[in-house]
Each structure stands twice: as structure tokens, then as C-alpha cells.
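K.L.:
The structure is given below, and queries will be raised subsequently.
The values are calculated or read from the model by the stated rules, or taken from the named source; none is laboratory data. Because the structure is a prediction, the values reported are computed rather than measured. We place every Cβ from the backbone using ideal geometry, glycine too, and count neighbours over all the protein chains shown. Calculation scope for accessible area: heavy atoms of the full protein, side chains included, ligands and nucleic acids excluded. Shrake-Rupley method; radii C 1.70, N 1.55, O 1.52, S 1.80 Å.
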Amino acid sequence: MAAVYPLPVTQDLPMLRTKLQSLSRFLKDALTISNAHTVDFYTECVWKRLVDLSPETVLAALKPAAEAEAEAGFSEARPLVEAEKGSGTDFPKIFCETSQRLVNVEAFALAAKRCSVQNLGICTPLEQLLIALRGNKKQRTDNNLKPHEFMNVKKSHEVQAMSELISSIADYYGVKQVIDLGSGKGYLSSFLSLKYGLHVYGIDSSNSNTHGAKERNRKLKKRWKLHRTQSRVDIPNREMSEANKERRKMVSQSSESNIYSPLTSFITADSELHDIIKDLEDCVMVGLHTCGDLAPNTLRIFTSNSEIKGVCSVGCCYHLLSEEFENEHKECTEEKWGFPMCQYLKEERWCCGHNARMSACLALERVAVGQGLSTESLFYRAVLQDIIKDCYGITKCSEHVGKIYSKCSSFLDYVRKSLKKLGLDETQLPEKTIMDYYEKYKPRMNELEAFNMLKVVLAPCVETLILLDRLCYLKEQEDVAWSALVKLFDPVKSPRCYALIALKKQQ
């Protein structure tokens, strides 16, 4: 066990609840924007219904604000200075009290900025945590293994950052076993096993993922051994002492004992780990971009199993979360919901809504650097919806068009291919009719662009609500000694960049 250094001080539950209240008050009005579906933008007159400003006014205010916020996001977490905060937690008038339409875009942008993870000051710096976990103990790693040699840049960035943290937590408790939930293709599991010498169980619900992970791990081991051999050849050819030969032999034997075991199982909050892992022992539980309910269920499994000493969870796919208060009149047997988790939001019967959770996945930092949003493809889809409504009498289309835009040479081509995919007779529509719709809405494309910027600026606030809900849940658990939210990845490379970390008391 590493020397005990004090863990970073984090905000307590009352303080987090105060910030959650302030955030939820802003979002109760703003969620109408997040929940508006871009597909229905023209058919349901979304701009006129929700915004009492010109698109030019909104774009002029939000584009610089998004760029500034994204730039701030690249640095360490830092709350806004008091001068920017205005008066306490009171927000300026943003929405009209009678129509609920947006009337003050500058106040909207400031409120959204104040409600982001970075500016709420709820993040714990990663470096502080690593120093506290390691104490004065040096990590045991195989420095010859570089993740970028075995996976793409995004995955390499994620695996390297997360594996370093996980290894530090394992060392802090003196454990060797790691459980990787939603392990997918096994990149993180393999890396933890090979580089840090950990015994990893990678659990995924997909049998094809498990099979692929086994094969990928076999190839990775082979490449890793070859890499080690080549590295040794590069060492000047000289006589090694007997002690040095013995040390290399021991390292080789230790590396051979590193184990990664991919398993197939569908994990719920009530999954019994002893039934899945026969030799379960004191361990660390992790999840890298676990989809939907698997992220909150990872936290529930952590709190309900004494063997799990620490957890590191990075969620994604918020739109796949189950919400307790989304369909209250619909009969459902669900007992443990993905959202909300904490007592405050449960008492408030808080509901985000599917479209708001979907919009929480929008990446402000990527949009600010010219990535992430294609206004033209969204425009094509919104106009197509009006064509479907007027020409086919279909007001709600449950089928998805998919990624047709990238395969089309023009709007006309897009409409033809989309209608065909949706099973609609595209031959009944003349070219002129299709292009008339395009010409009708083209002057209003800036409305769609401005509205999507509103959603992008709101996205971090919705994500913050979900993350704060999970953090408050952890703070409510008696057996959790320490918990925090940590910015683990570069948000441009990996937009879902926040990890929830929780540790139990050391025995």
C-alpha cells in the first residue's frame, strides 16, 4: 500500500446540493430549447415558438461566447470571478414570463457558462489526485508499451490517461484485480494487464465484442513481446551481470502472469458479481464510456459490494438513460433508474427528456474549433421532414434516415435516397417540387444554425446536471470515504471527458 497522503479536499453534499438547485432552476426554463428536435424545426415552427430574437442577434452573441468557454475549458477547472457572477445565484431575466420565449441571449450565455462543470468549481484536478494516491511510491509499469502503437489517437489518449489513474487506485489499496464493465473491444483491459500487471476481468454484454477482445488481446500480446524483444536488441551488446540476467528473467515471468479475461454478461444494478467472477477479491471497478444505464449501475454495484474498493466511471450516450419521471403514466416495472440517482432530484421528480439528454452529448469544445456540427445536413433533414408531412401526410416519422447526407451530391439526391430508405414512393415527387422546398427554407437556414448554437451552449449544463446527480449520489453513501469529479481527457479529442471517482475506507 502506498504511503498515505491526504486526498484532495472536495465540496461536501450540502454545497453540491446548493449548486444543483441553482443549475436546475436555470434548466427548468432552458430545457424547452434542449428538448426541441431539430428534425421538426420547420414543421413545428420551433424558432418562432421558442425564440423572440433574430438569428443574427443570437449568432453574434453565442459564437464568441462558445469559443471563449471552450478555450477556458482547456485549462484547469476555475470558477468565474465574483464580478462575472452577478448577484449571488440570481439569474437575469432570460425568458419571457408569459410566452416562455428567449428574450436575452447575453444573459442566457452567461447563465449557461456559470452552470458548466468548469465554472461551478466542482472538479478535482487530476494531478492532485494522482499525487495523493501514489504517495512516494513509484508506479510499476512496462515503459516499452505505448498505446498509440496499438490503437487510434482518440482511444490511445483515453486508455493512457485512464489506465494511469486506475493503476494508481489499485496501488493505493494494494489490489491486483480490476473489473472493466462494458469493456467492448478490450483496449483498456488489455493495456491495464500488459502495462501495469493487473488481473483484469473485462465484462461486456456482446458476445462478438468478447470474442473480438480475446483475439485482439492475443495479437496485442504477440506484438508486445516482439516490441520488447526489439527494444532489447537495441541495447548495446555487452555482457550482463548474473544479477541483471536474473532480474530480466523475473520481469519476463511476471509479464507472462498478467491476465486479461474477457467475459460475456449483461450487467444490471442487481448483477451478482460472484456468479460472474468465481475468484472475486478486493478490486477496483472501472467503466470507460459506458452507455446509458451502465454508468449509474456501475456506481450502484460499487456501493453494494464490499470487495470493490474504488471506482472510476466515465459515462456516455446519455440519451439511452432510463428516466424515472419521463413517462409517469406509463406502467413500468423498472426499480433502479438511470436518472435521477440522488435524493434531491428524486424529491423534485426531475426529468430531462430524451432530446435534452441527446443534446447533452453535443461537444461545445469541438464546435468552437470547427468540428461536430454540420448545419447543412441538419437543414436537409429538417426540410425533408416538411416534405414528408406535406406530401405524404406523415406528421411523425419513427424511422431514421441515418448517415445518408455524406453519400449525397445534392439536396435533390438526398431527398430521393432518404424517401427510398423510408419506404416512401419518391417517384411521385417531381424535381421542381423538391427544389421549391429547398428554395423556400434556404433563407431561413440561419435560424437553424442559431438554434443549434443555443443547444450547443446548453449541452454542458445538461451534462453537468447528470454528473452532479451521480456525484451527489456517491456523497450520500455512508461507506464511500471520498468521491470526486475529475476531468480526465482532452474534450476536443474525447468530449465525454469527466470521470466519477469514489473510494472506500482503507482497512
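K.L.:
Exactly one of these conditions fails for Asp275: (1) touching a Lys or Arg at 6+ places or on another chain (Cβ under 9 Å); (2) in a helix (DSSP H, G or I); (3) not basic (Lys, Arg). Give me its number.
P.N.:
(1)
K.L.:
Kindly indicate the residue of region 13-35 that is modelled with pLDDT of 95 or more and closer than 30 Å to Lys389 by Cα and also surrounded by the most Cβ atoms within 10 Å (Cβ to Cβ) among those meeting that condition.
P.N.:
If we take residues in region 13-35 being modelled with pLDDT of 95 or more and closer than 30 Å to Lys389 by Cα, then Ala30 is surrounded by the most Cβ atoms within 10 Å (Cβ to Cβ).
K.L.:
Oh, and also: Cβ contacts < 6 Å: first residue more than 13 Å from Cys115 (Cβ to Cβ), restricted to region 11-28; second residue of a type in the set (Lys, Arg) and in a helix (DSSP H, G or I), any location; separation 6+ or different chain. Result?
P.N.:
Pairs found: Leu13/Lys475.
K.L.:
Buried (at least 19 other Cβ atoms within 10 Å of the Cβ) and under 17 Å from Asn446 (Cα atoms): does that describe Phe339? Reasoning before the result, please.
P.N.:
Details: buried (at least 19 other Cβ atoms within 10 Å of the Cβ): yes; under 17 Å from Asn446 (Cα atoms): no.
No.
K.L.:
Looking only at helices (runs of 4 or more DSSP H) that fall completely inside region 367-450, which ones have 1 or more residues that are of a type in the set (A, V, I, L, M) and more than 30 Å from Leu53 (Cα to Cα)?
P.N.:
Details: elements: 375-392, 411-421, 431-441.
Because the criterion is at least 1 residues that are of a type in the set (A, V, I, L, M) and more than 30 Å from Leu53 (Cα to Cα), the helices (runs of 4 or more DSSP H) in region 367-450 that meet it are 411-421.
K.L.:
Kindly indicate whether Ala68 is at pLDDT below 95 and crowded, with 18+ Cβ neighbours inside 10 Å.
P.N.:
no
K.L.:
Let me confirm something: among Ala484, Ala459, Ala502, Ala450, which residue is farther than 30 Å from Phe108 by Cβ, touching a residue at least 40 places away in the same chain (Cβ under 8 Å), buried (at least 19 other Cβ atoms within 10 Å of the Cβ) and among the aliphatic types (A, V, I, L, M)? Let's see the steps before the verdict.
P.N.:
On the way: Ala484 fails: farther than 30 Å from Phe108 by Cβ; Ala459 fails: farther than 30 Å from Phe108 by Cβ; Ala450 fails: farther than 30 Å from Phe108 by Cβ.
Checking each option against the conditions leaves just Ala502.
K.L.:
Do the conditions hold for Ile404, that is, is it out of contact with any Ser or Thr (no Cβ under 6 Å at 6 or more places or on another chain) and surrounded by 18 or more Cβ atoms within 10 Å (Cβ to Cβ)? Break it down into steps so the answer makes sense when it comes.
P.N.:
Numbers: out of contact with any Ser or Thr (no Cβ under 6 Å at 6 or more places or on another chain): no; surrounded by 18 or more Cβ atoms within 10 Å (Cβ to Cβ): yes.
Taking the combined requirement at face value, the residue does not satisfy it.
K.L.:
Given the conditions (1) assigned to a loop (DSSP other than H, G, I, E, B); (2) farther than 25 Å from Leu133 by Cα; (3) at pLDDT 95 or above; (4) open to solvent by 20 Å² or more (accessible area, probe 1.4 Å), report the number of the one that Glu281 does not fulfil.
P.N.:
(2)
K.L.:
From the set of residues in region 165-210 that are more than 18 Å from Leu263 (Cβ to Cβ), open to solvent by 10 Å² or more (accessible area, probe 1.4 Å) and in a helix (DSSP H, G or I), which is modelled with the lowest pLDDT?
P.N.:
Lys195
K.L.:
Also: Which one of these is modelled with pLDDT under 90, within 24 Å of Val367 (Cα to Cα) and part of a loop (DSSP other than H, G, I, E, B): Leu53, Leu80?
P.N.:
Numbers: Leu53 fails: modelled with pLDDT under 90.
Unique residue meeting the criteria: Leu80.
K.L.:
Among the residues of region 96-138, count how many are of a type in the set (Gly, Ala, Ser), in a loop (DSSP other than H, G, I, E, B) and at negative phi.
P.N.:
Filtering region 96-138 down to residues of a type in the set (Gly, Ala, Ser) leaves 99, 107, 109, 111-112, 116, 121, 132, 135.
In the following step, the residues that additionally are in a loop (DSSP other than H, G, I, E, B) were identified as 99, 116, 121, 135.
Going one step further and asking which of them are at negative phi, we end up with 99, 116.
Looking only at that region, the number is 2.
K.L.:
Related question: What's the number of the only condition in (1) open to solvent by 10 Å² or more (accessible area, probe 1.4 Å); (2) in contact (Cβ under 8 Å) with a residue 12 or more places away in the chain; (3) closer than 28 Å to Pro14 by Cβ; (4) not hydrophobic (A, V, I, L, M, F, W, C) that Glu347 fails to meet?
P.N.:
(2)
K.L.:
Counting just the residues of region 418-447 that are among the acidic types (Asp, Glu) and under 18 Å from Tyr380 (Cα atoms), which one comes out least open to solvent (accessible area, probe 1.4 Å)? Please lay out each step first, then the result.
P.N.:
In the first step, residues of region 418-447 are kept if they are among the acidic types (Asp, Glu); the result is 425-426, 431, 436, 439, 447.
Pick out the ones that are also under 18 Å from Tyr380 (Cα atoms) and you get 426, 431, 436, 439, 447.
On the way: Glu426: 46, Glu431: 107, Asp436: 75, Glu439: 105, Glu447: 30 Å².
Within region 418-447, the match that is least open to solvent (accessible area, probe 1.4 Å) is Glu447.
K.L.:
Just give me the residues in region 105-124 being open to solvent by less than 50 Å² (accessible area, probe 1.4 Å) and either among the hydroxyl-bearing types (Ser, Thr, Tyr) or over 30 Å from Val9 (Cβ atoms) (or both), in sequence order. Before the answer, list the steps.
P.N.:
First, pick out the residues of region 105-124 that are open to solvent by less than 50 Å² (accessible area, probe 1.4 Å): 105, 107-109, 111-112, 114-124.
Of everything in region 105-124, those that are open to solvent by less than 50 Å² (accessible area, probe 1.4 Å) and either among the hydroxyl-bearing types (Ser, Thr, Tyr) or over 30 Å from Val9 (Cβ atoms) (or both) turn out to be Val105, Ala107, Phe108, Ala109, Ser116, Thr124.
K.L.:
Among the residues of region 365-401, count how many are surrounded by 16 or more Cβ atoms within 10 Å (Cβ to Cβ), at pLDDT below 90 and more than 14 Å from Glu449 (Cα to Cα).
P.N.:
Residues that pass the stated criteria total 4.
Per-residue answers, yes or no, for (1) of a type outside the set (Ser, Thr, Tyr); (2) modelled with pLDDT of 95 or more; (3) more than 20 Å from the chain's Cα centre (by Cα):
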position: Val286; (1), (2), (3): yes, yes, no
position: Asp293; (1), (2), (3): yes, yes, no
position: Glu307; (1), (2), (3): yes, yes, yes
position: Gly315; (1), (2), (3): yes, yes, no
position: Glu326; (1), (2), (3): yes, no, yes
position: Gly338; (1), (2), (3): yes, yes, no
position: Cys351; (1), (2), (3): yes, yes, no
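K.L.:
Quick one: how many residues across region 420-429 are touching a residue at least 24 places away in the same chain (Cβ under 8 Å) and in contact with a helix residue (DSSP H, G or I) (Cβ under 7 Å, 6 or more places away or on another chain)? Before you say what the answer is, go through the steps one by one.
P.N.:
Step one: list which residues in region 420-429 are touching a residue at least 24 places away in the same chain (Cβ under 8 Å), which gives 422-424, 428-429.
Cutting the leftovers down to in contact with a helix residue (DSSP H, G or I) (Cβ under 7 Å, 6 or more places away or on another chain) gives us 424, 429.
Number of matching residues: 2.
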